[in-house]
1. Tell me the residue from Leu253, Leu290 that is in a loop (DSSP other than H, G, I, E, B), over 21 Å from Leu166 (Cα atoms), at pLDDT 95 or above and touching a helix residue (DSSP H, G or I) at 6+ places or on another chain (Cβ under 6 Å), please.
2. Which ones in the stretch 416-442 are acidic (Asp, Glu) and part of a strand (DSSP E or B)?
3. Filter the stretch 416-455 down to residues that are of a type in the set (Asp, Glu) and surrounded by 14 or more Cβ atoms within 10 Å (Cβ to Cβ) and give me whichever is nearest to the chain's Cα centre (by Cα).
4. Of a type in the set (A, V, I, L, M, F, W, C), part of a strand (DSSP E or B), at pLDDT 95 or above and in contact with a strand residue (DSSP E or B) (Cβ under 6 Å, 6 or more places away or on another chain), is that true of Leu343?
5. Looking only at residues in the stretch 242-282 that are surrounded by 19 or more Cβ atoms within 10 Å (Cβ to Cβ) and small (Gly, Ala, Ser), which one is farthest from Ala377 (Cα to Cα)?
6. Confirm whether Ser430 is farther than 30 Å from Thr68 by Cα and either touching a Pro at 6+ places or on another chain (Cβ under 8 Å) or in the same structural domain as Ala285 (by TED's automatic domain parsing) (or both).
7. Could you list, in sequence order, the residues of the stretch 378-415 that are of a type in the set (S, T, N, Q) and either assigned to a loop (DSSP other than H, G, I, E, B) or surrounded by fewer than 21 Cβ atoms within 10 Å (Cβ to Cβ) (or both)?
8. Among the residues of the stretch 92-113, which ones are under 30 Å from Tyr442 (Cβ atoms) and surrounded by fewer than 16 Cβ atoms within 10 Å (Cβ to Cβ)?
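The values are calculated or read from the model by the stated rules, or taken from the named source; none is laboratory data. Source: prediction; values computed, not measured. Glycine gets a Cβ as well: all are built from the backbone with ideal geometry, and neighbour counts include every protein chain shown.
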Amino acid sequence: MADIIKQNTITIKCSNPTKTDDCITCMPVESNTKQFPINMIWIYSNSENLSKEDFLSSDQLKTTLSDTLNYFPILAGRATEDAKGNVTIHLTNEGVLFTEATCPNHTLDYFISRMPHDEEFDYEHINTSDLALKVNNDWTGPCTSIQVTRLKCNSVILSISAFHCLMDAQSMSHFINTWASNKPPKALPMFDKTFVLYPTEQQQRINSLGRPKDCVFNRDFNPSPSSAFVEAQQQQRVICKVYFFSANELKNLKNEASKGLLGSIDYISTYDALYAHMILVIAAATQTSLKDNIKILQSLNGRASFVSSCSPVVLNYFGSFPFWLYAKIPSDREPTLSSLAQLIHEMYSKQSDHSIRDYNAYLMSDNGNIEKNRVDADIINHDFHCASWRKVNLLGANFGNSGFPVYSGPTQQLYPRYFPMMDTHMKDGSINILLGLREQDYERMIQQNILHKYR
């Protein structure tokens, strides 16, 4: 077991704050994330065996963090919530939490125990170690918390925990890459939300909106105790591992998934093919019938949908912009790799700025109560959910002498059937999948030996 010894937590504020009486009201899709704080780690290998003063120096991290917050003052603010669940961030510059910690009894190999010539590793030691001082999940207290854990070998695990209404993976990347550069951001973060909001004169239309077809959230739904993200004791141990897919393996997989495309779809992406493959792998391992009204969930980064109607500046929107979509696998026939890939592709490719505006508006329709929104899916026992954290440069944060991180991912991963898809440190098109399976399902997957059938 890793001994994580935490020193006193301090507060880091903007070094040159602007007005501290300003505030930013979150969009419904952001206020809707109350239960799901975002918690991520970056692992830096001290391969040159530098001293702690020369490798991610704490003093340097604190100083550059304070300067970086001048461009991201929302992270140093505080949140309030109205009676209907709408969140407002007040730019009070009360600061972010910064905690230094040490792990005197383990080196990097304890957390990333890769075998020679194998990029896959067990996540148990990351899952069970106290690598983060997490923010609250009720909008109280600091909005952002950072922990820097220095290992026995002077390698470093850096964690960021934040209210999800402030950041998604793309915004998190924007922030940490700016911090690491110790320079002003290459692209200034955009906080204006008007590009996705309907004007107030259309309030009557908003109030009468029905549930969009692909929207995971349902405002007229009472979830069962086994529904997604309900905290419950797992009856079996969940084994979490990072599985590595090489660029060549992904090429073979994509070619196979691209066979027999329908006329309306002329392209299958690597994401489509790998997600489809993982559904088949997990279904076989968990003995799930894919003809049993199974839902496929995915998170769509909606920024690109607004470029043509607004401006490329929206790509720099700083906030939380993942729109959860879903589709049901047709139950009248056995799905194939190709049919699943096409279903996944169609789900997000048909979205537009109009459909995303409707989605966001629906989350506050009728009486405007955000807390009426419920996830109409069960990704613990029945359905599937993949979150792609690729192509947002999460592995680009080089703090000078630190080099680039050898891994970035969630601070903790326990849910079966949900998996993030992430770029690898190789930056060659290879992908990491972080998947948790109940112990007997994991053993069955190993016996079936189909995870890497396209190697």
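1. Leu290
2. Hit for the stretch 416-442 is Asp423, nothing else.
3. My answer is Asp423.
4. In short, no.
5. Ser258
6. Considered against the rule, which asks whether it is farther than 30 Å from Thr68 by Cα and either touching a Pro at 6+ places or on another chain (Cβ under 8 Å) or in the same structural domain as Ala285 (by TED's automatic domain parsing) (or both), Ser430 comes out as yes.
7. Across the stretch 378-415, the qualifying residues are Asn381, Asn393, Asn398, Asn401, Ser402, Thr411, Gln412, Gln413.
8. Asn105, Thr107, Asp109, Ser113
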